[in-house]
Every structure is written in structure tokens, then in C-alpha cells.
Amino acid sequence: MKPRNLLFIMSDEHNRRVLGCHGHPMIRTPNLDRLAARGVRFTDAYCNSPICVPSRASFATGRWVHQVRFWDNAIPYDGSIPSWGHRLQQAGHHATSIGKLHFRSADDRNGFDEEIMPLHVVDGVGDLLGLLRDDLPVRSAALKLAEEAGCGDSTYQGYDDRITEAAAGWLRRRAAAHEASGGDKPWVLFVSLVCPHFPLIARPEWYNLYPEAEVPWPEQYDPAARPDHPYIAAIRECMVYDKAFDPARVRRALAAYFGLVSFLDHNVGRILAALEETGLFETTRVIYTSDHGDNLGARGLWGKSTMYEDSAGVPLIMAGPEVPQGHVCHAPVSLVDGFPTILHGVGAAPHPDDRDLPGHSLFDVMRGIAPARTVLSEYHAAGAAAGAFMIRRGAFKYVHYVGMPPQLFDLDADPLEARDLGQNPGYAGLVADCEAQLRRVVDPEAIDRLARADQRARIAEYGGPEAIIARGSFGYSPVPGTKPVYT
């Protein structure tokens, strides 16, 4: 495969079901749908932890969260473990990021030649409240989600405007420099947009595309239909998003989220237009994904932090030279596959220290030549009363909770995960097989102890649980140049 430039676009909190090409009946995503038609769509892609900081650290390093120990939104990636950006730099390739990274600081050596308008964790510290897991706090800032939802403007939309403009400008300058220099090694541009991450506020031109009365109602939203599982009950009582919702607010929130997805799609279209206008499309591959999904009210849950498909699943599309058009790949993949894919795509030789990476190049996966492996997602962050681990075994998804009952779903027969087979005697053998498969990758109990020990050390560093609770929390990381609002 010939080395090519790579434009990697990542959004934040995009539920993969909310895509036209994924079959959503209402959403308007013409640019992403067109990109999928020109390339490969991976139907069963997952993040490696359904919350921003550990997901992005795992993506950057190509390693499982438990291997790198960036567990939550208060223990961010600090450049200490080699990233795909570091490997590109060592091989003489240029790597630029524009937008959200959610690492510790731009002062760290994160693997980019330049970070343009980076969004990192607040004050290099992040969300300390998420460290408290032995006795889960009530996160009152979550109530703002429902209170703010609706039509209007937000700093996140303005930030994405600037990211999009900067990306288009970078491509134009790069094309001109390439023409003047006669060419050089393939480059990687990582563009990280923050929408459709909450606040669920969308500008009128996007919000009004989705009449509130017509948005589809969340699955299993009725209290009687919600899952009876101790992990889910605990996270709902910690992340109290739904306590501020009524039917009108639910519809406003969903209309706003759909509007933000269409706004995201519009920005992706602007970036792809710049790629085509500059003539770079013929020499550049494009990958689109998100750092995790959003529950969107299903089962009375909002935000992320669960192993349901809405939260742990991500969209993943790849297009460009030597990528088959209109192809759909059903092999389970995850964001750790990004590391080998990026190096493979630009022609950088694998580093000897990366022989044990768990991911595989998506170029090999889409051709069916990647070796068999286990796809893992894990969660040790805000609201997690237990360490949670998810794997796929064919059509089945197994979720292991330390000290709690497992969950098992048949995604072919039950794609909306309404029937938990984890306690069904008829599936006891499959549950045991899935647990054995998981344990070949990770020791859940040992990793749960390790995560909690690291988190307790961090808690002590900041004065103990009482000091952290008194400090308060913020709903989401502010854009560069603004301050968080604590509650």
C-alpha cells in the first residue's frame, strides 16, 4: 500500500446510531454519509473507555487503559508513554493537532509538531470529583444538562467554528508549501471537534431541522422498562442528569443533540471541501471517528460512562486512495487500532517497542487479513461503583463488573440491548466462556484494585475527599481562554 497523507477527524460524544449511513431515520448527515459511500464504514467500532480523557489516552498510545493507567478525567495523558505522534516524529513525519486533545498540558511533549488551539484538562488537573468511587458523590452539575438544553449558541459551537477554519487554512497552506517544495514525507493532521458534546444547545439553523414533537423517544426510558442492575442504578444516582428532565426537556435535548450532529457534519463537510479544493484529496486518506458515544436518555441515562452501544460504540469511517468504496466492515474494532493504522497509512515502519500493541491496522482489518484478537473497553472513572470491562464474542457482548452480576447481550437478535442474558441459566456456559476470554486479556479484580489505588493517591494529593467535594465540579471542560464554572 502506497504511503499517503492522513486527515484524522475526531468528534466528541457522537452516538454512532445518530448517523444517516448507520440507518437513523431522522438525522441529516450528508457529508459523513458521502464519506462512507466513498470508503469503508465499520459498524462495530468501540472506544476503549467511555469517557474523554482515558479514551483519548488509549487512542494516543494504542494501549489499553489498564496498561497506561490514565484511568479517568483527573489522571490525563502526559506524554510519558509514546504515542503515535511520537513515532511519526521519530520517523520524520509532520504531525499537527487542531482542537480538543484533553491531555494534561500543551507544555508536555505529546507527540505533535504543533498543537493549534488545544483544549486540555482544566488547570492540568481535570475533574477531581470523578476520582471518588468508594462512596459515589452526587454530581449536581449534571442537572444543568436538562436546564440548558434547547435552541441557542454556545462556546463549544464557536470553538468548532474556529477549529474548522483553522483546519481548512492549514490544508491550504500545506498544499501550497508542498507544491513549492516538490513534496516530502506524508503528514498527519488530527482535527478534533468538540460537538456534539453537551451542553445540548444548538443554533437555530440546526435545531430547527428537528421538530421537538417528531424526535424519536429514548429506548427504555419509562422507569418500569429501565434495567435493574446495581452498576446502572449507582451511576444513575451519581450522574443525576435525568432527575432534571421532564418530557418537554427530553425532546428539547434530543432536538439539540441532533442539531449538534448536523452542525458537526457541516464542519466535516467544510474540512473535506478544503481538502478537495487544494487537490489534496487524491493523495490523502481520511478517517472519521469519535472518542465515545452518548446514552441520549436511553434507560434513563445521559452522557457516557456505560458499556451500552450508545455510549461505548463509536462511528468509524475511512476513505481515500486504496480504500474500497461503499464497503461495510462488521469486524469489531476499537480506537487502539488507530495507532497501527496511522503508521501503516503514512508508511512509517513499526517501532520495535510497539510489537505488543493490542490493536491492528484497519487497512488489514477491512481486508480480512488481521489476526483474531479481543476488542476491549473498560471503565474506572466518574460514577463507576465497580470496574467495568466489555468484550465482544461474535454477535454477543459481555460486560464484566467487579463484584457485580455480568451482563450479556445478543446484538444480532437484540441490537437495542433490551434483554440482558447475563443471569439466564441457558447462557451460563457462554457467560463462562466470555469471562475466560476476558481474563486472557486482563485480570479484572487486580486492575480494579490498581485503579482505585492510583485514584486514592491522587485524592490524597488534593487534600482528601472532603476537600475535593468542597471544590465542586464543572459540567464540561471550558474552551481555551475561558474558565470553568464550579457548582
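Descriptive notes on the structure:
- Pairs of Cα atoms farther than 22 Å apart, region 381-472, %: 41
- Working from label points 7 Å from Cα in the Cα-to-Cβ sense, the Leu450 to Ala225 distance is 4.0 nm.
- Look at where the Cα atoms of region 398-452 and of region 227-291 average out, and the two centres are 27 Å apart.
- Lys, Arg +1 and Asp, Glu -1 on Cβ, resulting dipole of region 5-375 about Cα centre, debye, nearest 20: 440
- Taking a point 7 Å from the Cα of Tyr486 along the Cα-to-Cβ direction, the residues of region 82-123 with backbone N closer than 19 Å to it are 120-123.
- Residues whose amide H lies under 5 Å from that of Asp127, counting only those 5 or more places away or on a different chain, are Ala74; hydrogens are built 1.01 Å from N in the peptide plane.
- Here the Kirkwood formula, the inverse mean of 1/r across different C-alpha pairs, assigns region 5-375 a hydrodynamic radius of 20.8 Å.
- Sequence ranges 119-129, 184-194, ranked by mean other-Cβ count within 10 angstrom, highest first: 184-194, 119-129
- Scalar couplings 3J(HN,Hα) for region 97-113, obtained by applying the Karplus form with A = 6.51, B = -1.76, C = 1.60 to θ = phi - 60°, are 10, 10, x, 5, 10, 6, 8, 6, 6, 6, 6, 7, 8, 8, x, 10, 5 Hz; x denotes Gly and Pro.
- About the centre of its Cα atoms, region 76-203 shows a dipole size close to 360 debye [charges on the beta carbon of Lys, Arg (+1) and Asp, Glu (-1) only; nearest 20 debye].
- Relative contact order, percent, the chain [alpha-carbon distance under 8 Å, six or more residues apart]: 26
- Compared with the direct C-alpha span, the chain from Ile369 to Arg270 gains 32.2 nm at full extension, assuming 0.36 nm per residue.
- Per the Debye calculation on region 1-144 with a single equal scatterer at every Cα and no solvent contribution, log₁₀ I(q)/I(0) for q = 0.16 Å⁻¹ amounts to -1.04.
- Shape summary of region 432-487, radius of gyration then Dmax from alpha carbon positions: 17.7, 51 Å.
- Calculated mean residue ellipticity, 222 nm, the chain: -10000 deg cm²/dmol, from DSSP H runs (n ≥ 4) at -39500 (n - 2.57) each, averaged per residue and rounded to 500.
- Glu277-Ala395 pseudo-label distance in nm [points 7 Å out on the Cα-to-Cβ vector]: 4.7
Bear in mind that the values in this text are calculations on the coordinates, not laboratory data. It should be emphasised that the depicted structure is a prediction, and the values quoted were computed from it without experimental measurement. Cβ: placed from backbone, ideal geometry, glycine included. Neighbour counts: every protein chain shown.
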